[in-house]
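Q: Before we start, here is the structure in question, set down as structure tokens.
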Amino acid sequence: MPQIIDGKRISTEIKDELKAQAASLKEQGVEVTLAVIQVGQDPASSVYVRNKKRACEYIGFSSRSYELPEETTEEELLNLISVLNQDASVNGILVQLPLPKHICEDEILRAISPAKDVDCFHPLNVGKLFIGEPGFQPCTPAGVIELLKRSNIEIAGKECVIIGRSNIVGKPMAMLMLRENATVTITHSRTKDLREVCKKADILIVAMGKPRMIDDSYVKEGAVVIDVGIHRNAENKLCGDVDYDKVAEKCSAITPVPGGVGPMTIAMLMKNCLETIKVGE
């Protein structure tokens with residue numbers, strides 16, 4: 001039987017650690033505040049925003065919610081971000097994606113102050129990540145690193161294959177694995193012989209956006225498999241990019257969906273919120 005990597009347990013462990021730190025800061029008169037902006041009423045976005053508010057409440061952070069109508073203009077959104085950038089009582093600013101089509105996501109993400117960019121999407125913070133400078137880490141990739149470390153899975157010297165080259169997961173995931181001294185291969189839809197490349201992996205990280213595409217033929221015996229994907233299948237049940245039932249019996253450790261990587265993303269967002277205190281010092 002493989003080791004089931006329990007993201008719920010590990011994320012709670014991290015949030016409890018942050019809760020203690022937040023309480024200590026409050027005793028010093030310092031409160032951490034996260035501003036969350038949502039434009040429109042995308043159902044999935046509403047769930048994510050609600051979960052972020054709950055995490056803030058659990059840890060002891062203050063949260064401000066800005067729920068704007070679908071027809072909000074780009075200029076109005078930029079003005080709100082400008083106000084929050086200048087508000088010393090706001091530590092972190094998060095704009096929930098996706099945005100309505102009439103708003104340029106790139107313009108919005110660039111407008112957030114790098115010191116308050118807790119999603120780590122601003123080009124300045126992305127650049128720091130790539131050259132190895134201290135700073136915020138992208139939440140999902142950072143969550144994967146914590147899952148591996150807290151599950152006592154060795155990273156240094158291991159062959160890591162990442163399926164997916166997005167700016168949110170694939171590319172930053174590669175940078176963080178390199179920091180941990182893994183040997184990293186990034187694959188994507190144009191990779192030749194993808195199955196054979198994946199079978200070299202000691203650690204296979206799947207972030208391709210296709211439900212249950214990766215079966216046991218992509219996985220070598222004893223590999224660690226991290227499934228970043230999340231979808232709803234024909235029965236409306238959550239599933240990942242990995243065909244869990246086929247892959248689990250072949251690997252040494254695996255993340256389930258749900259309950260694997262998902263809870264870690266919000267835990268690491270909360271960690272970045274606490275990091276704003278250091279960034280602002």
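Q: Taking a ≥ b ≥ c as the square roots of the Cα gyration tensor eigenvalues, with a/c under 1.5 meaning rounded and otherwise prolate when a/b beats b/c, else oblate, which class fits the stretch 139-262?
A: rounded
Q: Turning to a different aspect of this structure: Cα gyration tensor of the stretch 30-114, axes a ≥ b ≥ c as square roots of the eigenvalues: rounded (a/c below 1.5), prolate (a/b > b/c) or oblate?
A: On the way: a/c = 2.30, a/b = 1.26, b/c = 1.83.
Oblate, since a/c reaches 1.5 and b/c is not below a/b.
Q: Sorting I145, I277 on the 10 Å Cβ count, fewest up front, what's the list? Walk me through the numbers on the way to the answer.
A: Numbers: I145 18, I277 14.
Fewest-to-most Cβ neighbours within 10 Å comes out as I277, I145.
Q: By how many degrees, between 0 and 90 and to the nearest 10, does the Cα long axis of helix 139-150 differ from the longest principal axis of the chain?
A: 50 degrees
Q: Provide the per-residue ³J(HN,Hα) series for the stretch 118-125, in order, calculated from phi with Karplus coefficients 6.51, -1.76, 1.60 and θ = phi - 60°, each as a whole number of Hz, with x at glycine and proline positions.
A: 6, 7, 6, 10, 5, x, 5, 6
Q: A further question follows. So what's the gap between the Cα centers of the stretch 14-67 and the stretch 231-268, to the nearest angstrom?
A: 25 Å
Q: Also: Which entries of K19/K278; K128/K149; K15/K101; K26/K116; K171/K220; K15/K210 show an alpha-carbon separation above 25 angstrom in the structure shown?
A: Values: K19/K278 17 Å; K128/K149 22 Å; K15/K101 34 Å; K26/K116 19 Å; K171/K220 23 Å; K15/K210 30 Å.
Violating the 25 Å Cα-Cα cut-off are K15/K101; K15/K210.
Q: Arrange the peptides 32-45, 188-201 so that the one whose residues have, on average, the most other Cβ atoms within 10 Å appears first.
A: Working: 32-45: 18.8, 188-201: 14.0.
Output ranking for 32-45, 188-201: 32-45, 188-201.
Q: Suppose the chain between E159 and L238 were pulled fully straight at 0.36 nm per residue; how much longer would it get relative to their current alpha carbon spacing?
A: Values: separation 79, 0.36 × 79 = 28.44 nm, distance 2.89 nm.
Roughly 25.6 nm would be gained on extension.
Q: Across the stretch 51-63, in residue order, what do the Karplus-derived ³J(HN,Hα) couplings come to in whole Hz, using 6.51 cos²θ - 1.76 cosθ + 1.60 with θ = phi - 60° and x for Gly and Pro?
A: 5, 5, 4, 5, 5, 4, 4, 4, 7, x, 8, 8, 10
Q: List, in order, the whole-Hz ³J(HN,Hα) value for each residue of the stretch 173-179 obtained from phi through the Karplus relation with A = 6.51, B = -1.76, C = 1.60 and θ = phi - 60°; use x for Gly and Pro.
A: Taking θ as phi minus 60°, the curve returns 4, 4, 5, 5, 5, 4, 4 Hz for the stretch 173-179.
Q: Hey, another quick one. Please work out how much length the chain gains when fully extended from N181 to E196, using 0.36 nm per residue of separation minus the C-alpha to C-alpha distance, in nm with one decimal. Intermediate results must be reported in sequence, preceding the final value.
A: On the way: separation 15, 0.36 × 15 = 5.40 nm, distance 2.27 nm.
Gain on extension, N181 to E196, equals 3.1 nm.
Q: Hey, can you grab everything whose amide H is under 5 Å from the amide H of G40? Only 5+ residues off in sequence or another chain; H modelled, so Pro and N-termini drop out.
A: L68, E70
Q: Given labels modelled 7 Å from the Cα in the Cβ direction, how far is it in nm from R64 to M1?
A: 4.9 nm
Q: Please list, ordered by chain and number, the residues whose modelled amide H lies under 5 Å from the amide H of V95; skip anything fewer than 5 residues away on the same chain.
A: Distant-sequence amide H within range of V95: I37.
Q: Using a Förster distance of 22 Å, how high is the FRET efficiency between Q86 and K53, based on the Cβ-Cβ distance and rounded to 0.05?
A: Numbers: r = 23 Å, r/R0 = 1.05.
With a Förster radius of 22 Å, E is 0.40.
Q: With the contact rule set at Cα under 8 Å and sequence spacing of 6 or more, what percent relative contact order holds for the chain? Mind dumping the intermediate values first?
A: Details: 538 pairs, mean separation 61.7, N = 281.
The normalised contact order for the chain reaches 22 percent.
Q: Using Cα pairs closer than 8 Å and at least 6 residues apart in sequence, work out the relative contact order for the stretch 139-262, in percent.
A: Working: 259 pairs, mean separation 27.1, N = 124.
22 percent.
FYI, it's all coordinate maths here, none of it is from the lab. Just so we're clear, the structure is a prediction, and the values are computed from it rather than from any experiment. Glycine also receives a Cβ, built like all others from the backbone with ideal geometry; neighbour counts cover every protein chain displayed.
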